[in-house]
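Here's the structure we're looking at; comments come further down.
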Amino acid sequence: MLQAALPRIRPCAVPTLLLALLGLGGCVSASNAPPRPASPARLDIPAPTTAGLDPATAQLWATDMAKALQGQSVPATARPATAGAWWLRLQTRQVGGQIIPVYTVMSPANAPRASQEGAGIAQPLWQPTSGPVSPAVLSGVAQDAAPRIATLLTGIQAAAMEKDPNSLKHRPARIFFSGVTGAPGKGNDALTTAFRAAFPGSHDILTRHRAQADYILNCTVRVSDAAPDTNGQARQHLDILWTLHDTAGQEAGGITQLHDIYAHALDGDWKETAPDTAREAAAAARQIIDRYSGRTNTPLPPLSQTAPQTHATGAAAPT
């Protein structure tokens, strides 16, 4: 399937959410873990042969591009294009006194899928009269291009999802929730019940069949002693950790709710604490799924409907 062969891109971080618990300080934060795709979900970058560079410099450009894209969480490798892999073609063109890098995302069938032009480089920097191109120039070119190329790949993924009737762009995500462990008092049952009530919506549902799930969610509660308050009243740390994994076992994101509570305040009935906590966790979990799955990304149009974006003003800044 086309989508499975695409390099996965790190989704944006989920905004921090705030929650007060039992009148004491606390916060909820959610973050996405970058996917770690398996082969063939990769992007090969062969050294260019038509960019006016000697072989060693061409290889260094490909290596710098791979490193810069890895910084964008793209699984890129500087090597010849291999069977079944998407790859990035590096080229240049000259406009006046500038050299314009041209980046083309190629499909495993060696067909161009998207093209992007980088910032222009002064010709003397790319074609010095003596010696090879400065490594600082090559690094600057790569750093300039990496986020542009990552955006292209994100759009390509979204376009593949748009065509797939079974993708999460066209149906709710199914989540298997294994429940809550470690909570004091009646917290395990209260939080589990409250989350099951808070989570389902038009875009996501819970399933009791693990084999049918797109994501697996578990929750662990940890309680530890905290420093007394200013009046000497005993307190405890309450850490509620929700973790989402995809069906391949890779972490999609985590939600951490950290609170200071009066000691043993939750040793019995959690009352409204469980619904409030569950609603915050459910909202954060839905955001994680949106970003990790890419279902909210805008599809990239076919190459025939787009034109390369030119950024030909000024030289790429060395890094």
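Details
- Restricting region 148-248 to trypsin sites (Lys or Arg not before Pro) that sit in a DSSP loop and have at most 16 other Cβ atoms within 10 Å of their own Cβ leaves Lys186, Arg208.
- Cross-link reach list, lysines versus Lys271, counting only Cα pairs under 17 Å and skipping chain neighbours closer than eight places: Lys186
- Å² per residue, accessible surface of region 82-186 at 1.4 Å: 39 Å²
- P(r) of region 48-155 over all Cα-Cα pairs, binned every 10 Å from zero, in whole percent: 15, 51, 29, 5, 0
- Comparing Tyr262, Gly201, Ala278 along the charge dipole axis of region 165-294, the residue lying farthest to the positive side is Gly201, per the Cβ-charge model.
- The convex hull built on the alpha-carbon positions of region 153-289 has an orientation-averaged projected area of 9.9 nm².
- Taking amide hydrogens as placed 1.01 Å from N in the peptide plane, the amide H of Ala183 sits under 5 Å from those of Asn188, Val221, each at least 5 positions away in sequence or on another chain.
- Across region 174-305, Cα pairs under 8 Å and at least six residues apart give a relative contact order of 26 percent.
- Using θ = phi - 60° in the Karplus curve 6.51 cos²θ - 1.76 cosθ + 1.60, the 3J(HN,Hα) couplings for region 198-204 round to 8, 7, x, x, 6, 9, 9 Hz; x is entered for Gly and Pro.
The values are calculated or read from the model by the stated rules, or taken from the named source; none is laboratory data. All figures in this text were calculated on a predicted structure; none of them were measured in a lab. Positions of Cβ are generated from backbone atoms using ideal geometry, with glycine treated the same way; all protein chains shown enter the neighbour counts. Heads up: the accessible areas ignore ligands, DNA and RNA and are worked out on the full protein's heavy atoms, side chains in. Shrake-Rupley method; radii C 1.70, N 1.55, O 1.52, S 1.80 Å.
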